[in-house]
Amino acid sequence: MNMFEKLVKINCYSKNKIFKKAAADLLEKLYCCEINCTEIDKSVLFAHHARGCTIVASKICENVVIFQNVSIGSNMKFNKAGGEWENVGNPIISKNVIIADGAKILGPVIIGENSVVAAGAIITKNMPANSIAYGVNQFKPKDANYDLVYNSNMIDPEKIIEANNQLIAGFIRKQSII
């Protein structure tokens with residue numbers, strides 16, 4: 001278990017308030033990351049040490065994967081005429097959800113299980129299970145034949161380097177023609 005994982009474990013599950021506070025402070029200082037959830041399953045994975053993430057959720061269920069620069073939190077507003085807060089509460093992230101780079105999930109919303117929130121998406125409404133959320137509150141059915149962004153059987157890094165080298169070679173060929 002690396003330092004980030006140890007700090008998350010203390011921050012999210014310790015009963016000792018002093019240890020929790022110290023771990024939270026270190027997560028913010030070392031990783032620019034805040035994790036403050038009412039309930040979070042121990043199987044939740046944070047890619048890239050959750051760099052730049054602010055995670056304030058009601059509940060994050062099992063097997064969720066969260067990438068860097070993700071914001072999960074409130075979207076409440078104060079009604080001056082009525083003298084009350086509205087839209088109170090934080091998101092619930094159902095099981096097997098993947099939240100890609102830079103996504104924002106705000107307010108008392110539920111993200112349905114087996115869904116993907118695409119990079120840069122802004123979600124302020126409930127999203128059904130087995131969906132891909134993208135843009136601003138847009139979603140479409142997820143193709144059950146594909147895992148997007150993450151699969152526990154990740155690609156060999158050498159294959160990514162090979163694909164990148166082929167892309168660079170094609171780019172150089174096109175540049176020399178111009």
Quiz prompt | When the convex hull of its Cα atoms is projected in every direction, mean area for the chain (nm²) | solution = 14.7 nm²
Quiz prompt | Cα gyration tensor, segment 46-119 - rounded (a/c under 1.5), prolate or oblate | solution = prolate
Quiz item: Is segment 1-42 best put as rounded, prolate or oblate by its Cα gyration tensor, with a ≥ b ≥ c the root eigenvalues, rounded for a/c under 1.5, and otherwise prolate when a/b is larger than b/c, oblate when not?
Solution: rounded
Exercise. Please report how far the C-alpha centroid of segment 133-156 lies from that of segment 6-79, rounded to the nearest whole angstrom.
Key: 22 Å
Quiz item: What residues have an amide H closer than 5 Å to that of Ser131, excluding those fewer than 5 places away on the same chain, when H is modeled at 1.01 Å from N in the peptide plane?
Solution: Ser115, Val116, Lys142
Quiz item: Quick one: ranking Val149, Val88 by accessible area, 1.4 Å probe, largest first, what do you get?
Solution: Val88, Val149
Quiz prompt | DSSP H segments from the chain that extend 30 Å or more along their own axis, Cα-based, with Kyte-Doolittle mean of 0.5 or above | solution = none
Quiz item: For the chain, with only Lys/Arg (+1) and Asp/Glu (-1) charged at the beta-carbon, what is the dipole magnitude about the Cα centre, in debye rounded to 20?
Solution: 360 debye
Quiz prompt | Cβ-based charge dipole, segment 88-178, positive-most Cα from Ile93, Ile168, Phe139 | solution = Phe139
Self-check item: Partner aspartates and glutamates for Lys142 [C-alpha distance under 17 Å; skip if fewer than 8 residues away on the same chain]
Solution: Glu113
Quiz prompt | Per DSSP, loop trypsin sites (Lys or Arg not before Pro) in segment 1-85 with at most 10 further Cβ within 10 Å | solution = Lys15, Lys42, Lys80
Quiz item: Pick from Ile55, Ile93, Ile168: which residue has the top mean-square fluctuation in a GNM of the chain where Cα pairs under 10 Å get a spring?
Solution: Ile168
Exercise. Using the charge dipole of segment 1-63 (Lys, Arg: +1 at Cβ; Asp, Glu: -1 at Cβ; taken about the Cα centre), state which of Leu7, Ala47, Cys61 has its Cα farthest towards the positive end.
Key: Leu7
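The values are calculated or read from the model by the stated rules, or taken from the named source; none is laboratory data. Keep in mind that what you see is a predicted model, and the values were worked out from it rather than measured. Positions of Cβ are generated from backbone atoms using ideal geometry, with glycine treated the same way; all protein chains shown enter the neighbour counts. Note: accessible area is taken over every heavy atom of the protein model, side chains too, but ligands, DNA and RNA are not part of it. Shrake-Rupley method; radii C 1.70, N 1.55, O 1.52, S 1.80 Å.
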